[in-house]
Each structure stands twice: as structure tokens, then as C-alpha cells.
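The structure under discussion appears below in the form of C-alpha cells.
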Amino acid sequence: MLKVEELVDRLIDLAFAEDIGDGDHTTLCCIPEDAMGRSHLLIKEDGVLAGVEIAKEVFRRFDPELKVEVLMQDGTHVKKGDIAMIVSGRVRSLLQTERLMLNIMQRMSGIATTTSRYVERLKGTKTRVLDTRKTTPGLRMLEKAAVKIGGGCNHRIGLFDMILLKDNHVDFAGGISNAINRCHEYLKKNNLDLKIEIEVRNFDELQQAIDCGGINRIMLDNFTPDDTRKAVEIIAGRYETESSGGITFDTLRDYAECGVDFISVGALTHSVKGLDMSFKAC
């Protein structure tokens with residue numbers, strides 16, 4: 001399995017390949033090779049900054065001689081007009097790295113900003129907000145890193161680091177107990193130690209999951225707040241609890257006040273707006 005650093009390296013290589021191709025002819029035709037300059041990252045709306053460390057890697061990979069002066073770190077609450085970093089070096093390098101750096105930082109900062117709003121909404125409760133696998137293909141590591149920068153929690157990175165028996169798994173396996181039992185057989189056979197979560201759609205499935213046991217967390221899928229409260233009382237602390245399905249920013253606190261441990265929110269990553277910023281000569 002590839003390490004995070006290797007995945008990021010591949011992402012940067014692919015991004016440069018699709019953007020620059022056989023050359024940035026606009027820059028090459030009008031900027032002398034030896035021209036030197038500097039640009040600053042200008043924040044154009046309030047939010048939470050994320051992607052600084054990845055941006056530094058983008059600059060380093062393209063031109064190790066670029067000098068990056070970081071003025072604001074990941075996780076900083078920034079305001080319109082702030083300068084987050086200053087980069088100096090070859091003008092050609094500044095121009096050719098500009099869009100990739102901005103694409104990454106705007107996307108990650110948008111996710112961190114949105115996550116921060118959800119985390120703030122949960123203040124005073126024990127509930128933590130989780131991300132999902134509803135991420136941009138190829139960008140998952142960056143998007144999940146942005147969730148953590150914004151104060152949220154990563155649910156799982158992919159299909160490899162946790163067992164999550166969802167409705168389709170249960171249906172294809174022939175029921176709750178079949179799915180859980182086969183899961184344990186598989187883990188034992190392959191000498192794996194993974195946490196197990198199971199999704200339930202109603203109180204009958206909830207009781208089946210409790211009766212079967214051998215799980216770490218129960219996901220309450222599309223339960224109403226009233227039913228969530230009842231389910232949490234039934235589970236009575238024996239397993240971690242997670243609410244999922246159709247939960248919005250406006251209803252988030254209603255579910256948290258039912259006592260669930262986690263609420264998973266696909267909107268943290270699947271449809272978030274990027275934070276506005278620009279990279280300008282200075």
C-alpha cells in the first residue's frame with residue numbers, strides 16, 4: 001500500500017503533467033529565463049487556512065530554489081486581506097506553480113472552513129463530526145487532511161483500514177448476523193485486526209446487531225432525531241454510535257443532543273466551496 005507521501009507525490013506529478021504538458025508557452029514566450037520576482041498569497045474571504053504544507057511541497061518539487069516565507073500556518077482563522085505566504089525566485093516558476101498551488105489551497109481551505117463551522121455547531125456536546133469517502137478521486141488524502149485541520153475527524157481513509165458493513169453488504173450477505181459472522185471469519189483467516197462498524201436501518205436491525213455482538217460501532221442510518229434518542233438509550237454505551245444520512249447543518253445539533261458519539265457528513269467534502277484567494281506579484 002502506498003504511503004501518504006507517495007500518493008501526494010503522484011498527485012503533484014499528475015497535476016503538473018495535465019496543466020503544463022509540453023510547456024507553459026504563455027510564460028516561456030514573454031518572461032526571460034533569468035527574471036526574478038516574488039508573489040504573495042492574498043486571502044480574499046474569511047475562513048480557515050489549509051494546504052500550506054502541500055503548497056510548500058508543490059513549490060519545492062517544481063523548483064527547489066524557490067524561497068517560501070510562511071506567514072500563516074494551517075488551521076489559522078484568516079480574514080479577507082491577510083497575506084498567508086510570500087514566495088520568491090524565478091518568475092517562470094512562480095507563474096507555472098500558481099494554479100496548482102491555488103487549486104489545492106482553495107479546495108483544502110474550503111473544506112477546513114466548512115468543517116470548522118460544523119465543529120462549532122457541536123460545541124457543548126460530546127459528538128464529533130466525521131468525514132466520509134465522498135471525496136474527489138485522487139484528492140482524498142488532501143481532503144481528509146483538510147477535515148482534520150478544520151477540527152473534524154477522519155472516519156476511515158478507504159476500504160482497507162476499517163470494516164463498515166453497509167446496507168448492501170447486509171442485504172447481499174443475507175442479513176445482519178451473516179454479515180457480522182462472515183466478517184469475523186475473514187479477519188481471523190487473514191490475521192487482520194480491524195474495527196467493525198455496522199449500519200442499521202431500523203430498530204429490528206438494531207436489535208439483531210446488538211444480539212449478534214462482535215462489533216465496535218453502530219451506524220444509525222436515516223433515523224429521525226426522536227428515533228436516534230431511543231436507539232442510543234437501547235445501545236446504552238455498549239458500542240460507539242454514529243448518525244448518518246440526510247443530516248444537514250441545521251439539523252446537526254438535534255442529532256448531537258441525542259447523545260450519539262459521531263455524526264458523518266458527506267457535505268464536508270463532496271460539494272464544498274473553495275476559499276477565495278489569489279497569488280499576486282508583489
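The values are calculated or read from the model by the stated rules, or taken from the named source; none is laboratory data. Keep in mind the model is a prediction, meaning the values are calculated, not measured. When we count neighbours, we look across all protein chains shown, and the Cβ atoms used for this are built from the backbone with ideal geometry, even at glycine. Protein only, heavy atoms only, side chains kept; ligands, DNA and RNA dropped before computing areas. Shrake-Rupley method; radii C 1.70, N 1.55, O 1.52, S 1.80 Å.
Here are some notes:
- Considering segment 45-69, and only residues there that are open to solvent by less than 40 Å² (accessible area, probe 1.4 Å) and over 19 Å from the mean Cα position of the chain (by Cα), the residue that is farthest from Arg10 (Cα to Cα) turns out to be Leu66.
- Count of segment 238-282 residues which are at positive phi and open to solvent by less than 70 Å² (accessible area, probe 1.4 Å): 2
- Some residue of segment 143-166 being more than 30 Å from Gly75 (Cβ to Cβ) and open to solvent by 50 Å² or more (accessible area, probe 1.4 Å): yes
- Residue within segment 226-237 that is open to solvent by 60 Å² or more (accessible area, probe 1.4 Å) and either under 30 Å from Gly37 (Cα atoms) or at pLDDT below 95 (or both) present: yes
- Close pairs from segment 143-166: first touching a residue at least 12 places away in the same chain (Cβ under 8 Å), partner of a type in the set (Val, Ile, Thr) and surrounded by fewer than 21 Cβ atoms within 10 Å (Cβ to Cβ), Cβ under 7 Å, at least 6 apart: Glu143/Thr136; Lys144/Ile157; Gly150/Val119; Gly151/Val119; Gly152/Val119; His155/Thr132; Ile163/Ile196
- Hits in segment 168-203 (condition: in contact with a Cys (Cβ under 8 Å, 6 or more places away or on another chain) and either of a type outside the set (S, T, N, Q) or modelled with pLDDT under 95 (or both)): Ile176, Ile180, Ile196
- Residues located in segment 18-44, provided they are over 17 Å from Met85 (Cβ atoms) and open to solvent by less than 60 Å² (accessible area, probe 1.4 Å): Ile20, Gly21, Gly23, Asp24, Thr27, Ile31, Ala35
- Scan segment 70-105 for residues that are more than 20 Å from Met36 (Cβ to Cβ), open to solvent by 40 Å² or more (accessible area, probe 1.4 Å) and touching a residue at least 60 places away in the same chain (Cβ under 8 Å) and the total you get is 3.
- Taken over segment 65-118, the criterion of being within 16 Å of Met277 (Cα to Cα) and in a strand (DSSP E or B) is satisfied by Val70, His77, Val78, Ile83, Ala84, Met85, Ile86, Val87.
- Just one of (1) at negative phi; (2) at pLDDT 95 or above; (3) out of contact with any Gly (no Cβ under 8 Å at 6 or more places or on another chain) fails for Met36. It is (3).
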